[in-house]
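The values are calculated or read from the model by the stated rules, or taken from the named source; none is laboratory data. On a predicted model such as this, the values are computed, not experimentally measured, just so you know. Ideal geometry is used to build each Cβ from the backbone, glycine not excepted, and the neighbour counts take in all protein chains shown. Calculation scope for accessible area: heavy atoms of the full protein, side chains included, ligands and nucleic acids excluded. Shrake-Rupley method; radii C 1.70, N 1.55, O 1.52, S 1.80 Å.
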Amino acid sequence: MMQAQAFYARQPSFLQSLSQTLKLLARNKVGFAGFLGVLFFVFFALVLPIFVPIDNQTRMDKIYAPASWDHLLGTDFQGRDVFSQLVHGGREVLVIAFVTGAITTFLAVVFGSLSAVLGGWVDSFIMSLADLWLAIPQFPVLAVLASLVKLNNVILLALLLSLLSWPTLTRAIRSQVLSLRQRDYVEAARSLGLSTRHIIFNEIMPNMMSYIAISLIFAMTAAVYAQAGLAFLGLISFSDNNSWGVTIQLAWTKGAIFFRDSFLYIMAPVLAIALFQLSLVSFTRSLEEVFNPRLRTGV
Amino acid sequence: MATQAISTSLAPQKRTSLKVYFWRVANNYVLRRVIKALATIFVVITVTFFIIRLMPSNPVDIFIQEQMALYNSSYQEARDRAAALFAIDLTAPVTQQYLDYMGNLLRGDLGKSYRSQGAGVADIIKQFLPWTLFSVGTALFISFTLGVALGMVMAYRRETPLDYVLSTFASLVSSIPNYLIAIIIIVTFGSQLRILNIAQMRGSISPGVQPGFTLKFIGDVLYHAALPIFVYVLTTIGSWMLAMKSSTVATLEEDYVTVARARGLKDSRIMTSYVGRNAALPLFTQLAISIGFVVGGSVLIETIFVYQGIGQQLLKAINQRDYPVMQGIFLIITVAVVFANLLADLLYGRLDPRIRVGSEETK
């Protein structure tokens, strides 16, 4: 009963903080540009494919055609439309990035806060495990795993990526929880005799939300790096439509170094990934603004 | 840990043996760190060994497939040839293979490559590792020193146009994956503008150049390593700049800096021995971590630039399922990462007096 009341009492303040968050997002110009960039890529990779048809038709007379109204970004080594490939190749990149980011952050939040709150042997166990994990050369391990298991399942790859990348984040979350635990309002809650669960979920976690969001985004960029890198080495590929990484690999092996005409073909997916990463990283600037309590007025 | 804490609380009472006690703890700490490092290496080798062996497909199958495709031979023929070529028994139980491998490893024997006839894994590593160490090491050195210097400039000139330009540059280059920057450089400056002769810059050395302490050799080595080094520097410098900037800004607010100013010390002296030294300290641990990341990333960079280092060999071994070579390269990379971390930890204790005394109590 008490909890339910507390829950309803919280609702408006949540909405308020949401609108305030949006205002704060717009305050940092670079960050807001990043935010718009992320929105653009979500639209580009998830909505545009509905309107742009898949182009798998070989046109021998139109190999490496320059950009035109028919082919916005020209054509590839088989005369297929590059723009269409770009539109359809983004979904996997975005989905893997988001799922990996979400799983990694979830693991990190669970292990990190457990470690910080419980302390003792749980803490030393989780931290030793994290230390050990960090010593494993990640990208090489991924490359080996990708070559041995057929990693053409989006969720499987995302799981694998997050299993490899949780330790750094876990440490960060742990130290964050440790520092928040020292704050006055947590001390106050504790002296009021509130339960540990209440302290973690109602006092500490809300104050970490933006930090967690930033961590999520950095986990996403790491996932994009690994996924596109593996695809570039030819170690993973997804069924029908090529993801950006696979397109880069194709363009590269079909001789992007030798054919000057294939400039657009290789640069389109390269710039797509680069700009997506850039948008994500810039977006964190706005989140930092939200995160920094000194910038939050009247909360 | 518990004994540590108890002894520390006892320490003030036993004033006479304080120095003796301190050294015992210090030695203890070093010893524990070394043991931890060795244990880490052991676990990583074990885990990677089983990951590699327990996965489907093996070098013999790959070889048989290659033979069948290449020479149109029947499965039986290819299998016979494979059996003659591979003096290994992949049917032995995995645990037996593991014990054999560890036994040989203790004797310093990394095994032989399955595919390069008779080549020892140690020889392969000896041949290719120096190139990776050279390019990655040089790049990390350049990007760390340059990044720390630029980060201090940013902190001293914060909120000025220079700071904005440098910050934007730093976040721009550190957010784009290094292999994409490598591709952009090759495609733009190599094939489009034809400023760089990509074909000539491939490899780690030009054919016919004799190794030795000659101007020609050194020049050639630098010529071939220039692009990989440039890409490593460009993609790692941003994070050093940003980390150093925030670290310096925090240090500038410390009381001892204000006191140093009040004492009328020269600005250059304050900048180097008061601010710079303390601000750069936390970055050393990051340097150790980044070594592992950059060496791991060398798989991609070396493949793109066709630079003959350990990363390229790893990819080759992966594609051929050359287990011993894969295992050996993993071992080397892991040892490099673990010892870099160990060195950073021990060095950190030496460099930072606060840690030297307090490391056992603060937690």
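Observations on the model:
- Check on B:ILE184, more than 11 Å from chain A (Cβ to nearest Cβ), more than 30 Å from B:VAL249 (Cα to Cα) and of a type in the set (A, V, I, L, M): no
- Here the helices (runs of 4 or more DSSP H) wholly within the stretch A:25-122 that include at least 3 residues being among the aromatic types (Phe, Trp, Tyr) are A:29-42, A:90-118.
Listed here are the residues, each with its yes/no results for (1) without any contact (Cβ under 8 Å) to a residue 40 or more places away in the chain; (2) of a type outside the set (Gly, Ala, Ser); (3) assigned to a helix (DSSP H, G or I).
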{"residue": "B:GLY203", "(1), (2), (3)": "no, no, no"}
{"residue": "B:GLY208", "(1), (2), (3)": "yes, no, no"}
{"residue": "B:ALA226", "(1), (2), (3)": "yes, no, yes"}
{"residue": "B:VAL233", "(1), (2), (3)": "no, yes, yes"}
{"residue": "B:MET244", "(1), (2), (3)": "no, yes, yes"}
{"residue": "B:VAL249", "(1), (2), (3)": "no, yes, yes"}
{"residue": "B:VAL259", "(1), (2), (3)": "yes, yes, yes"}
{"residue": "B:ARG269", "(1), (2), (3)": "yes, yes, yes"}
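- For the stretch A:120-138, the tally of residues that are open to solvent by less than 20 Å² (accessible area, probe 1.4 Å) and either in contact with a strand residue (DSSP E or B) (Cβ under 9 Å, 6 or more places away or on another chain) or modelled with pLDDT of 80 or more (or both) stands at 3.
The rows are residues; the columns are (1) open to solvent by 20 Å² or more (accessible area, probe 1.4 Å); (2) touching an Asp or Glu at 6+ places or on another chain (Cβ under 8 Å).
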residue: B:ALA119; (1), (2): yes, no
residue: B:THR132; (1), (2): no, yes
residue: B:LEU162; (1), (2): yes, no
residue: B:LEU172; (1), (2): yes, no
residue: B:ILE183; (1), (2): no, no
residue: B:PHE189; (1), (2): yes, no
residue: B:ASN197; (1), (2): yes, no
residue: B:ARG202; (1), (2): yes, no
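- Looking only at residues in the stretch A:245-264 that are at the interface with chain B (Cβ under 10 Å from one of its Cβ atoms) and part of a loop (DSSP other than H, G, I, E, B), the one that is surrounded by the most Cβ atoms within 10 Å (Cβ to Cβ) is A:ALA256.
- Subset of the stretch A:64-85 (residues that are out of contact with any Ser or Thr (no Cβ under 8 Å at 6 or more places or on another chain) and surrounded by fewer than 19 Cβ atoms within 10 Å (Cβ to Cβ)): A:PRO66, A:ALA67, A:SER68, A:TRP69, A:ASP70, A:LEU72
- Selection of the stretch A:203-215 for residues being open to solvent by 40 Å² or more (accessible area, probe 1.4 Å) and in contact (Cβ under 8 Å) with a residue 12 or more places away in the chain yields A:ASN207, A:TYR211.
- Taken together, the residues in the stretch A:232-244 that are at the interface with chain B (Cβ under 9 Å from one of its Cβ atoms) and touching a Leu at 6+ places or on another chain (Cβ under 9 Å) amount to 3.
Yes or no, residue by residue, for (1) away from chain A (no Cβ under 14 Å); (2) within 30 Å of A:GLY245 (Cα to Cα); (3) modelled with pLDDT under 90:
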| position | (1), (2), (3) |
| --- | --- |
| B:VAL153 | yes, no, no |
| B:GLY190 | no, yes, yes |
| B:ALA199 | no, yes, yes |
| B:SER206 | yes, no, yes |
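- Considering (1) open to solvent by 60 Å² or more (accessible area, probe 1.4 Å); (2) modelled with pLDDT under 80; (3) within 14 Å of another protein chain (Cβ to nearest Cβ), the lone condition that B:PHE42 does not fulfil carries the number (2).
- Scanning the stretch B:104-117 for residues that are open to solvent by 30 Å² or more (accessible area, probe 1.4 Å), touching a residue at least 40 places away in the same chain (Cβ under 8 Å) and among the aliphatic types (A, V, I, L, M) yields a single hit, B:LEU105.
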